[in-house]
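Take a look at the structure below.
Read-outs throughout are calculated quantities, based only on the coordinates presented, and are distinct from any laboratory measurement. Predicted model, so just to flag it, every value in this text is computed and none were measured. Neighbour counts run over all protein chains shown; Cβ positions are idealised from the backbone, glycine included.
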Amino acid sequence: MCLICERIKMIQENRNPYFVCELETGYVVLGDHQRFNGYTLFLCKEHVTELRHLDKPYKMKYF
């Protein structure tokens, strides 16, 4: 399992201490390593290796 999939699974199991909130197409999380205070990431619920692999309607919501 890749790192992103692990983090998403942790969120779904309520075990990710960096989870901030869930949105329609993804999860907002704080970065594990805070080189810059408040560094956040948006993890897509449909994990793919490239954004171009998402279908167009979903990709437009994600963006």
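Note on the chain: percent of Cα-Cα distances in each 10 Å bin, starting at 0 and stopping at the bin with the largest distance, equals 21, 50, 28, 2.
In the chain, taking the dipole from charged Cβ atoms about the Cα centre, the farthest positive-side position among His33, Phe63, Cys2 is held by Phe63. Amide H of Val20: which non-local residues (sequence gap of 5 or more, or other chain) have their own amide H closer than 5 Å, using H built in the peptide plane? Here Val28, Val29, Leu30 satisfy the definition.
With both labels modelled 7 Å from their Cα along Cα-to-Cβ, the Phe63 to Lys9 distance reads 3.2 nm.
At most 15 other Cβ atoms within 10 Å plus a DSSP loop assignment makes a site exposed; report the longest stretch of the chain without any exposed trypsin sites (Lys or Arg not before Pro). By the stated rule (loop sites, at most 15 other Cβ atoms within 10 Å), 16-34.
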